[in-house]
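Down below is the structure, laid out as structure tokens.
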Amino acid sequence: MPIVVRIDVELARRKMSVGEFAERVGLTPANVAVLKNGRAKAVRFSTLEAMCRVLDCQPGDLLEYVADEDES
């Protein structure tokens, strides 16, 4: 998948657990896992805003476009 989710990197930088992050953002830990593992098909802007607020980061810190090898 060309969009890579980097939530785990930002959580590690802040030494924040998935449980704490989920609670502060207003998601279930299961939904955070879906996002972290790249299985989400969409993310609401309100959720992205909450994640950026909690982690004090920009959307580009959480999401990265990586071209498939087929596209090169």
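The values are calculated or read from the model by the stated rules, or taken from the named source; none is laboratory data. Source: prediction; values computed, not measured. FYI the Cβ positions are ideal-geometry reconstructions off the backbone, even for glycines, and counts take in every protein chain you see.
Looking at this structure, is Ala40 in a loop (DSSP other than H, G, I, E, B), touching a residue at least 24 places away in the same chain (Cβ under 8 Å), under 12 Å from the mean Cα position of the chain (by Cα) and within 18 Å of Pro2 (Cα to Cα)?
Yes.
Restricting region 43-56 to residues that are hydrophobic (A, V, I, L, M, F, W, C) and surrounded by fewer than 17 Cβ atoms within 10 Å (Cβ to Cβ), which is farthest from Pro2 (Cα to Cα)?
Here the residue is Ala50.
Can you name every residue in region 1-19 that is touching a helix residue (DSSP H, G or I) at 6+ places or on another chain (Cβ under 9 Å) and not β-branched (Val, Ile, Thr)?
Start the filter on region 1-19 by keeping residues that are touching a helix residue (DSSP H, G or I) at 6+ places or on another chain (Cβ under 9 Å), which leaves 2, 5-11, 13-14, 16-19.
Selection gives Pro2, Arg6, Asp8, Glu10, Leu11, Arg13, Arg14, Met16, Ser17, Gly19.
Residues are listed down the side, and each one gets a yes or a no for (1) hydrophobic (A, V, I, L, M, F, W, C); (2) surrounded by 11 or more Cβ atoms within 10 Å (Cβ to Cβ); (3) touching a His at 6+ places or on another chain (Cβ under 7 Å):
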{"site": "Val5", "(1), (2), (3)": "yes, yes, no"}
{"site": "Asp8", "(1), (2), (3)": "no, yes, no"}
{"site": "Pro59", "(1), (2), (3)": "no, yes, no"}
{"site": "Ala67", "(1), (2), (3)": "yes, no, no"}
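If I filter region 29-39 down to residues being loosely packed, with under 14 Cβ neighbours inside 10 Å and closer than 30 Å to Asp70 by Cα, which single residue comes out as modelled with the lowest pLDDT?
Among those residues, the one meeting the criterion is Gly38.
Only residues that are surrounded by 15 or more Cβ atoms within 10 Å (Cβ to Cβ) and either outside any loop (DSSP other than H, G, I, E, B) or touching a Cys at 6+ places or on another chain (Cβ under 9 Å) (or both): list them for region 10-28, please.
Glu10, Leu11, Val18, Phe21, Ala22, Val25
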